[in-house]
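This report refers to the structure that appears directly beneath it.
Taken together, the values in this text are just the output of simple stated rules run on the coordinates, not laboratory data. Everything quoted here is computed from the prediction, not taken from an experiment. No Cβ is skipped: glycine too gets one built from the backbone with ideal geometry, and neighbour counts run over all protein chains shown.
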Amino acid sequence: MNKYYVMNKNCVHKFKKLILLFTLLIQSSCGYLIQPDVKSGMIHLEKGSYKIDPQHASVLFKINHMGMSTFVGRFNQIDATLEFDPHNIANAKLSAVINVASIDVNNKELEESLRGSSWFDVDKFPQAFFTTTSVQLLDEKHAQFNGALTLHGVTRPILIDVVFNGGADNLLTGHYTLGFSAASTFKRSTFGIDYLVPAIADEVDIEVFAEFQKQ
């Protein structure tokens with residue numbers, strides 16, 4: 001074999017390795033370049049009107065199944081707005097709408113059953129609504145949102161524990177963004193959904209993970 005051919009082949013191989021290394025270095029640095037400077041603590045967050053980012057929002061529900069396991073599902077379609085002033089948190093206003101038919105339990109047959117008249121009855125009650133009635137700041141990151149939840153055609157008071165994770169300018173979206181998580185617990189029977197209680201627990205845990213974009 002021609003020695004120049006061997007040398008050229010080795011050079012090409014080394015060049016490809018250098019290109020790959022250079023590409024990996026660029027990709028790894030991109031994470032640092034787009035990482036926002038997240039500020040936590042209420043005083044660092046920006047006042048404004050916010051709308052939920054549906055691509056970065058999850059609404060989960062958890063319910064005990066026959067005393068043997070915790071059944072977990074989610075709703076895939078949610079819309080929400082937030083009026084927020086960190087210096088006057090008591091006047092914060094959160095409004096949310098959930099498309100109940102978007103229920104997702106990773107089982108098509110069960111999802112159709114849950115949409116039926118024994119459970120959510122989505123033909124009659126396609127949406128669930130939440131609106132705040134009052135807000136209490138607990139500390140620099142935690143607040144309680146009192147509000148009214150309308151589900152299955154029934155409206156009841158509900159308390160939501162909220163954790164503000166922080167806020168920052170998101171270079172990917174061009175929006176200042178607030179991130180938070182929230183949790184609540186209620187009895188489904190108070191909303192007229194009592195099918196198979198107590199085999200399927202009455203108490204339901206709700207968890208929300210969301211980002212809101214300043215408008």
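In loop segments of region 33-124 as defined by DSSP, the trypsin sites (Lys or Arg not before Pro) with at most 10 further C-beta atoms inside 10 Å of their C-beta are Lys124. Count the net charge of all other residues whose Cβ sits under 12 Å from the Cβ of Val162, scoring Lys and Arg as +1 and Asp and Glu as -1. Around Val162, the surrounding residues sum to -2. Applying the criteria of a DSSP loop state and at most 16 other Cβ atoms within 10 Å to the GluC sites (Glu not before Pro) of region 83-118 yields no site. The shape of region 42-214 comes out prolate: with a ≥ b ≥ c from the C-alpha gyration tensor, a/c is at least 1.5 and a/b beats b/c. Within the shell defined by Cβ-Cβ distances under 10 Å, the residues around Ser181 carry a net charge of -2, with Lys and Arg each +1 and Asp and Glu each -1. Summing charges over all other residues whose Cβ lies under 14 Å from the Cβ of Pro126, with Lys and Arg as +1 and Asp and Glu as -1, gives -1. Residues Phe130, Phe125, ranked from the fewest to the most other C-beta atoms within 10 Å, line up as Phe125, Phe130. Put the Cα centre of region 45-66 next to the Cα centre of region 128-179 and the gap is 8 Å.
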